[in-house]
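Some notes on the structure that comes next.
FYI, it's all coordinate maths here, none of it is from the lab. Fair warning: this is a prediction, and the values are worked out from it, not measured in the lab. Neighbour counts run over all protein chains shown; Cβ positions are idealised from the backbone, glycine included.
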Amino acid sequence: MPGAVKSEAVVLRSIRYGEADRILHLYTPHYGRVSAIAKGVRRTRSRFGGRLEPFFRLHIEMHEGRGELLTVTGASTVDAHPRLRGDAGAIDAAARACDAVSRMFETSEPHPNVFNLLCRHLHLLDERPEHATRGRSLSFRLKLLHAAGFAPQLGACASCGDSEHLTSFSGAAGGVVCSACEAGSFPIGAEAHDFMTGSLGRPLAESPAAVDGVLGQVERAISAMLEHHAHLRLMPAA
């Protein structure tokens, strides 16, 4: 990205640096995750105001110099998500979503679908902050798994291909497994299986509902996939 860079971006994280600067972790549709420094942004008269805070969706202008960090030269707000910021549960869900994107997609490889998914999730949290549920957060993570190429096999046993007696889940195998292949797996019920299938097959706004026990099985399955195939552990879903 030589010279000037213009892009939409979501602020994943904003870190105080020095006396008046901030280091930003940004997610963009065409440059993946980038890091940039916003100089003087914490001064009272900064032209950036408060728009370089987490969860802001921006049109951002940056310059690539000799260092590892880009330098922010301009920014305008696309969506500040003001209602989200007034609800503790929505703020927590948004922070965990941004952390998941930052850690699962930490390179400059472009994933426009991930950018769009994150924007959609933040929009839904802002539209109805009271809907910041664990189920919605897990549906979001399942879609991230799919975008990363780690979607679990759910239609047949991930070990032998049998479509009957799918009673367990194996992160190592990559999905549900039948009773004959369940070594090293953990039990998963039909409702958890249906939740995962529904989450991957529906828009995020139509995420299925489930009780806590079912969501616990789903979260364990997501964690197993990430640990075995991406060597990652995420914060628990909100």
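As a footprinting exposure proxy, order I23, I60, I15, I188 by other Cβ within 10 Å, with the fewest listed first.
The order, fewest Cβ neighbours first, is I15, I23, I188, I60.
Take the alpha carbon gyration tensor of the chain, find the square roots of its eigenvalues, order them as a ≥ b ≥ c, and report rounded if a/c is under 1.5; if not, report prolate when a/b exceeds b/c, else oblate.
Taking the square roots of the gyration eigenvalues as a ≥ b ≥ c, the chain is prolate.
How much FRET efficiency would the formula 1/(1 + (r/R0)^6) give for E19 and H59, where r is the Cβ-Cβ distance and R0 is 30 Å, rounded to 0.05?
In this case the efficiency is close to 0.65.
Please give the net charge around A148, taking every other residue with its beta carbon less than 14 angstrom from that of A148, where Lys and Arg add +1 and Asp and Glu add -1.
Within the 14 Å Cβ shell, the charges total +1.
What is the distance, in nm, between label points placed 7 Å from the Cα along the Cα-to-Cβ direction at M235 and at S108?
2.8
Karplus couplings for segment 119-131 from phi (6.51 cos²θ - 1.76 cosθ + 1.60, θ = phi - 60°), rounded to Hz, Gly and Pro as x?
After applying 6.51 cos²θ - 1.76 cosθ + 1.60, I find 4, 5, 4, 5, 5, 5, 5, 6, 5, 9, x, 5, 8 Hz.
Compute the acute angle (0 to 90°) between the alpha-carbon long axis of helix 190-201 and the principal axis of greatest extent of the alpha-carbon atoms of the chain; round to the nearest 10°.
Approximately 40 degrees, to the nearest ten.
Full extension from H228 to A180: what is 0.36 nm times the residue separation minus their Cα-Cα distance, to one decimal in nm?
That pair, H228 and A180, stretches by 15.2 nm at full extension.
With point charges of +1 on the Cβ of Lys and Arg and -1 on the Cβ of Asp and Glu, referenced to the Cα centre of segment 56-183, which listed residue (T77, L117, G175) lies farthest in the positive direction of the dipole?
So the residue furthest toward the plus end is T77.
What nm value, rounded to one decimal, do you get for the distance between D212 and R43 when each label is placed 7 Å out toward the C-beta?
A separation of 5.0 nm, rounded to one decimal place.
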